[in-house]
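> Mind looking over this structure? Questions follow.
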Amino acid sequence: MIPNVTWPNELWLEALVQAKQLDAQDVLKEKRQAFVIPDKIIYLDGNSLGPATDAAQMAGQSVVDAQWQTDLIKSWNVHDWIRLPRIVGAQIAPIVGARDDCVIACDSISINLYKLLHIALNLQSDRQVIMTQEGNFPTDGYIAQGLMAHRSDVSLVYVDEKDIIAQLDESVAVLMLTHINYKTGYMLDMRRITQAAHALGILVIWDLAHSAGAVELSLDEDEVDFAVGCGYKYLNGGPGAPSFVYVNAVHHNRLKQPLTGWMGHANAFAFEQDYIPADGIDSLLCGTPNIISMAVLKGALTVFSDVNMTDVRQKSLTLSSFMVSVIKQHPALQSLELVTDMHDAHRGSQIALAHPEAYAICQAWIAQGVIADFRSPNILRIGFAPLYISHLDVLRAVDALALIMQHQSYRAKQYQTRNAVT
Ligand SMILES: *Cc1c(COP(=O)(O)O)cnc(C)c1O
């Protein structure tokens, strides 16, 4: 690997040695082979859309070509399609520290938040305040706002995520928080906040979109009430993969979800006139599961079957701290301002760099084969998926970035035009 001309010699050699050392100690390095990432691409956007794996591709082909084509409607039984939401839920359960029967895969995070907000408000009949963090991912707030259109008694309060516990009080029914901030990568203390909320009789919903598959989670042990998470980010389930819902077993016999579709009925194929919810987590279902997506996600999750989440977290931390340490020392990169809190306890699996030209810089980086993303208004967002990124990849990515910054090649016109999806 030959560096570009921007490096001070000492720094380059030191960084190269360090990258090689860290990679030599990497217990997850074999996992890279499970992924099919195009040649020469360094993919730092697995926090937005995880890449394909052989297993996911094979599962997709098999569900269409072998199962659907050959066994037609019999597949619901023969290939257990009907149980896929629970089968996939059980695959996700160990990744998030949950009992198998507390997790189900279905619908999107947005839809599942709608269900959970109703369920939680129902359990808190004397309280009507939903509290969330300022700067939360927009859909979380939008869903609460949509719910308020039918529930004029409910209100939504936004609070500073650096100071949540101090702002809790007994008027709050539900605390709905994203565990790792989608933009800055700031991570909240799930256990402490959940405990503090419970002490005031507040129920908590955690959005794990940027957590599941990237950091260690212990939902059962932390006595989390409810959670949702994403199938297509760190779990690599493919575009629009189903999300998942977690409901703590203590709430299983008092779930009243609002989207009372037939798949959540106690006996869907009895075709009864009146809705009776299924027991426990199955009642979170609404309509027919999206089997093709679900099958791809099931295939993708096999990559995690022998992975220890402590190792994943450890590597995620060294990947991001290594990148930051090199960026901080590189003379060509001083105009990029690190926004992420680098304390281990508060950093997820991504970093955010602010720059007025972040969008164009990101485009120029992509043109060099390094895929990250941009978040409005000025954030270059870099995700670290420990199953397929190496420290040498990180060094190569920084190398490409340094060249772009040194020559200001991001100023070229083709990098300045915004695409529909950033
Ligand atoms: C990606 C993301 C979502 C996605 O929601 P969908 O309804 O599944 O599209 C939700 N919340 C957060 C915090 C996210 O980052």
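> Averaging sequence separations of C-alpha pairs under 8 Å and six or more residues apart, then dividing by the length of the chain, give the relative contact order as a whole percent.
Numbers: 798 pairs, mean separation 98.1, N = 422.
With pairs under 8 Å counted, the relative contact order is 23 percent.
> I've got another one for you. What accessible area per residue, rounded to a whole number of Å², is obtained for region 196-270 using a probe radius of 1.4 Å? Walk me through the numbers before you get to the answer.
Values: 2370 Å² over 75 residues.
Ligands and nucleic acids excluded, the figure is 32 Å² per residue.
> Sort 315-326, 366-377 by packing, meaning the average of other beta carbons within 10 Å per residue, with the highest value first.
Working: 315-326: 20.9, 366-377: 17.8.
Going by the mean number of other Cβ atoms within 10 Å, highest first, we get 315-326, 366-377.
> Using the Cα centre of the chain as origin and beta-carbon charges of +1 (Lys, Arg) and -1 (Asp, Glu), tell me which of Val172, Asn308, Ala24 is placed farthest towards the positive end of the dipole.
It is Ala24, whose Cα lies furthest towards the positive end.
> Can you give me the Cα centroid spacing of region 84-124 and region 302-343 in angstrom?
29
> Over all directions, what mean area does the Cα convex hull of region 98-201 project, stated in square nanometres?
On the way: hull surface 28.1 nm².
Average of the hull's projected areas for region 98-201 equals 7.0 nm².
> So how do 53-65, 196-208 stack up, highest first, on mean other-Cβ count within 10 Å? Intermediate results must be reported in sequence, preceding the final value.
Working: 53-65: 17.9, 196-208: 20.9.
Output ranking for 53-65, 196-208: 196-208, 53-65.
> Oh, and also: What net charge do the residues around Ile37 carry, taking every other residue with its C-beta under 13 Å from that of Ile37, with Lys and Arg at +1 and Asp and Glu at -1? Could the numbers behind the result be given before it?
Values: positive: Lys31, Arg32, Lys40; negative: Asp39, Asp45, Asp54, Asp393.
In short, -1.
> Residues with beta-carbon under 11 Å from that of Phe226, excluding Phe226: net charge, scoring Lys, Arg +1 and Asp, Glu -1? Walk me through the numbers before you get to the answer.
Working: positive: Lys115; negative: Asp207, Asp225.
The answer is -1.
> Suppose only helical runs count, i.e. DSSP H with n ≥ 4. What mean residue ellipticity at 222 nm does that imply for the chain under -39500 (n - 2.57) per run, divided by all residues and rounded to the nearest 500 deg cm²/dmol? Before the final figure, lay out each step's value.
Working: 11 runs with 136 residues, N = 422.
So the calculated ellipticity at 222 nm is -10000 deg cm²/dmol.
> Across the chain, how many lysine pairs separated by 8 or more positions, or lying on different chains, have Cα atoms within less than 15 Å? Provide the component values of the computation, followed by the final result.
Details: Lys20/Lys29; Lys20/Lys315; Lys29/Lys315; Lys31/Lys315; Lys115/Lys256; Lys162/Lys183; Lys183/Lys233; Lys233/Lys298.
Summing the qualifying lysine pairs gives 8.
> Putting +1 on Lys and Arg Cβ atoms and -1 on Asp and Glu Cβ atoms, find which of Ala385, Ala354, Ala412 reaches farthest to the positive end of the dipole of region 339-422.
Of the options given, the answer is Ala412.
> Semi-axes of the equivalent ellipsoid of the chain: what are they in whole Å, largest first, if each equals the square root of 5 times a C-alpha gyration tensor eigenvalue?
So the equivalent ellipsoid measures 38, 26, 19 Å along its semi-axes.
> Next question. If one puts a single equal scatterer on every Cα of region 45-89 and applies the Debye formula without solvent, what log₁₀ I(q)/I(0) results at q = 0.23, 0.31, 0.34 Å⁻¹?
Each listed q corresponds, in turn, to -0.87, -1.05, -1.09.
> Round to a whole number: what % of the accessible area of region 127-222 belongs to carbon and sulfur, probe 1.4 Å?
Solvent-exposed carbon and sulfur of region 127-222 make up 48 percent of the total.
> Express in nm, to one decimal, how much length is gained between Val157 and Phe271 on full extension, taking 0.36 nm for each residue of separation and deducting their alpha carbon distance.
Numbers: separation 114, 0.36 × 114 = 41.04 nm, distance 4.13 nm.
Length difference between fully extended and current span is 36.9 nm.
> Which part of region 267-292 falls in the paramagnetic zone of His252, meaning amide N under 18 Å from the point 7 Å along Cα-to-beta-carbon?
Within reach of a label on His252, which here means backbone N under 18 Å from a point 7 Å along Cα→Cβ, region 267-292 contributes 267, 277-285.
> Looking at the chain, send over the antiparallel percent of its DSSP beta bridges, to the nearest 5. Show your work: numbers first, answer last.
Values: 21 of 40 bridges.
Counting only bridges with both partners in the chain, antiparallel ones make up about 50 percent.
> Can you tell me the length gained on complete extension of the stretch Val78 to Asp189, counting 0.36 nm per residue apart and subtracting the Cα distance?
Working: separation 111, 0.36 × 111 = 39.96 nm, distance 4.36 nm.
Length gained between Val78 and Asp189: 35.6 nm.
> Would you mind putting 278-284, 330-336 in packing order, based on average other-beta-carbon counts within 10 Å, highest first? Intermediate results must be reported in sequence, preceding the final value.
Numbers: 278-284: 20.1, 330-336: 16.4.
The packing order, highest mean first, is 278-284, 330-336.
> Relative contact order for region 186-260 using alpha-carbon pairs under 8 Å, separation at least 6, rounded to a whole percent? Display every interim value, and only then the final one.
Numbers: 86 pairs, mean separation 18.7, N = 75.
Relative contact order for region 186-260 comes out at 25 percent.
> At a Förster distance of 25 Å, what's the computed FRET efficiency of Asn9 paired with Met342, Cβ-Cβ distance as r, to 0.05? Don't skip to the end; give the middle numbers.
Values: r = 26 Å, r/R0 = 1.06.
After rounding to 0.05, the efficiency reads 0.40.
> Expected output is a single nm value to one decimal: the length gained when fully extending between Thr422 and Asp306, i.e. 0.36 nm times separation in residues minus the C-alpha distance. What is it? Could you put the intermediate results ahead of the total?
Details: separation 116, 0.36 × 116 = 41.76 nm, distance 3.36 nm.
In short, 38.4 nm is gained.
> Now for a different question. Apply 1/(1 + (r/R0)^6) to the Cβ-Cβ distance of Asp100 and Asp54, taking R0 = 30 Å, and write down the FRET efficiency to the nearest 0.05. It would help to have the intermediate numbers written out before the result.
Values: r = 26 Å, r/R0 = 0.85.
Calculated value: 0.70.
> Taking every alpha carbon pair in region 1-86, what does the distance histogram look like in 5 angstrom bins from 0, in percent?
3, 10, 12, 14, 14, 12, 10, 6, 5, 5, 5, 3, 1, 0
> Something else now. Accessible area of region 287-422 with a 1.4 Å probe: how many percent of it is carbon plus sulfur? Provide the component values of the computation, followed by the final result.
Working: 2660 of 5270 Å².
Within region 287-422, the accessible surface is 50 percent carbon and sulfur.
The values are calculated or read from the model by the stated rules, or taken from the named source; none is laboratory data. No experiment lies behind these values; they were computed from the predicted model shown. Heads up, the Cβs are rebuilt from the backbone with ideal geometry, glycines too, and the neighbour counts pull from every protein chain shown. We work out accessible area using only protein heavy atoms, side chains counted, and drop any ligands, DNA or RNA first. Shrake-Rupley method; radii C 1.70, N 1.55, O 1.52, S 1.80 Å.
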